[in-house]
1. Would you work out the relative contact order for the stretch 4-188, in percent, from Cα pairs under 8 angstrom that are 6 or more residues apart?
2. So for the pair Gln151, Ala524, with labels modelled 7 Å out along Cα→Cβ, what separation do we get in nm?
3. Using only the Cα atoms, work out Rg/Rh for the stretch 127-267, with Rh taken as the Kirkwood radius, to two decimals.
4. What does the C-alpha gyration tensor say about the overall shape of the chain? Classify as rounded when a/c is under 1.5, otherwise prolate if a/b is larger than b/c, or oblate.
5. How much length, in nm to one decimal, is gained on full extension between Ser41 and Phe533, taken as 0.36 nm per residue of separation minus their Cα-Cα distance?
6. Sticking to Cα atoms, compute the Rg of the stretch 281-348 to one decimal and its Dmax as the biggest Cα-Cα distance, whole number, in Å.
7. Longer than 29 Å from Cα to Cα, which of Lys251/Lys309; Lys49/Lys489; Lys141/Lys253; Lys114/Lys141; Lys360/Lys445 are they? Say none if no pair is.
8. Could you give the size of the charge dipole of the chain about its Cα centre, using +1 on the Cβ of each K and R and -1 on the Cβ of each D and E, expressed in debye and rounded to the nearest 20?
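Since every read-out is calculated from the coordinates, none of them should be taken as a lab result. From a predicted model like this one, the values you see are computed outputs, not experimental measurements. No Cβ is skipped: glycine too gets one built from the backbone with ideal geometry, and neighbour counts run over all protein chains shown.
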Amino acid sequence: MNKQISVSQALVAFLQRLEVGCIFGMPGAHILPVYDALNDSGIQVVLAKHEQGAAFMAGGYARAAGSQSGRIGACIATAGPGATNLITGIANAYAERLPLLVITGETPTHIFGKGGLQESSGEGGSIDQVALFKGITRYAKTVERTEYLAQVFNQAAQVLRSAQPAPVLLSLPFDVQKEAVDADILDQISTRPRRPRLHFHPSQLRELHALLGKAERPVILAGHGCLAAGAEQQLRQLSQSQGIPVATSLKGKGVVAENSPLALGTLGVTSGGLAYEYISRSADLLLIIGAGFNERTSYVWDQKLLAGKRIIQIDQNPMQLEKVFSADLAINADIGELLQALLADLGRRAQPEPRIRRAKQELAQLRQHVDAGYSLFQSGFSLVEQLFSRLAERFPANTRLFDDNIIFAQNFFPVSADNRYYPNSGISSLGHAIPAAIGAQFERKQPTFAVIGDGGFQMCCMELMTAVNYRIPLNVILFNNATMGLIRKNQRQHYGGRFLSCDFSNPDFELLARSFGIQHRRVAEAADLDGLFGELDLEQGINLIEVMIDKNAYPNYSSKR
């Protein structure tokens, strides 16, 4: 007779096969059999303070691991409110295309439709828990019978290990979790990565080379796809050897060192004008590599960025190709492989030294013009600028920054080739940065900063105790202006200054930090930065850094909302 194990034990063995190192969540009665099976698994089980925080932590873990690693994030919750509390974090992971395994409990099947406590089966007028997740997962399944358990696991693994991953939900009724199955069920499950290689045609390489050769002023727009493909080195080499300036999307920030002579910084409505001015005025070819042309990047699809230019698009995700524009050449390929082949081809030709010198000179002149003209920050933000300048000096490498606020770090924090920047770009939910940064620290510890406003902070500040409980180093940069800054800016710009539901009172953040047992510094003037960088342990400590800004100082851009 074959050895028998419980479904919960089979699920945990499946997690081990997927090499899940950490799972974030909160227990409840209807998921306790799985928790019990996790006891001796070697998987670290992290107790969050709220299920939304657990989902954000799992997403931060997956983002820090990177798509090249094949590692996935995982979170777990009980039935009913435990599951529904996960939804915003899972929606964010879906928008970010993160590999997340979501495990939820359910009431026993024998009470389906009878109105059991926290019943979410969809029967008898109860909520349909799995249906709520259908639009934010690629695979969602309630396991009511064990006969198809192996196939369910295979389906889940196929999505999580694919080239274009997405969240997966497995919901297990309480009684099913305790049912017995043959231990050899695991032999029927494949968790191998399913990433078929993308092969470009030689004619595409020739056409790409020809278009680049005809261009007088080409520009690269690099996105997160370059980072996901691990193609940073090839991209930098292409830019430097051919004298091609590089702008990045927000998520691609740092794919080239932003202090390099050919770096244009980020392109988008909340960025400075350098990239926009150069592309709209000078470029005759736009090479879009691993970048979407979304609302933020495109300045709400401003046609000046594309008008009069040849367009080349390279992406590993075929769904991104020509999604919102037509390209002269669109290539679905492995970005690193294609760029390596292009570099080898270009290397056989004379290097365009005059073009390199001209591009650097034109950029230097344009920087002076942009600095003297349009500015996002006309007044009121010098302290913030100094803070990020000092931060870049103090941490030139091996640092992560998770950013809810976006506009300040996007413009004031020059990301080096050795740092990583994670903007809250998915569904842009407030309260994301702190739990996401905590999740990243469980994947690999290194100096990490969570940048957040005071409104978002109060949605997730309880997760600071998760960092305390597990001794997770973390620096939280909290901007205190006692308002929902974006809402207040919009109400001033577009609604005649009729402010409603944007201003609020804050707690005493020093007392709050003390109650958490963490360090606090208040930065109200430039002199306070010396104490911040000279006295706080920013590598191993847990710190709340409160930065005072004026609620009546607004960045100089219109979000048209």
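1. That works out to 26 percent.
2. 6.7
3. Taking Rh as the inverse mean 1/r over Cα pairs, Rg/Rh reads 1.19.
4. On the way: a/c = 2.02, a/b = 1.32, b/c = 1.53.
Oblate.
5. 173.0 nm
6. Computed over the Cα atoms of the stretch 281-348, radius of gyration and Dmax are 12.8, 40 Å.
7. From Lys251/Lys309; Lys49/Lys489; Lys141/Lys253; Lys114/Lys141; Lys360/Lys445, over 29 Å: Lys49/Lys489; Lys141/Lys253; Lys360/Lys445.
8. Working: 53 positive and 52 negative charges, 322 e Å.
For this selection, approximately 1540 debye.
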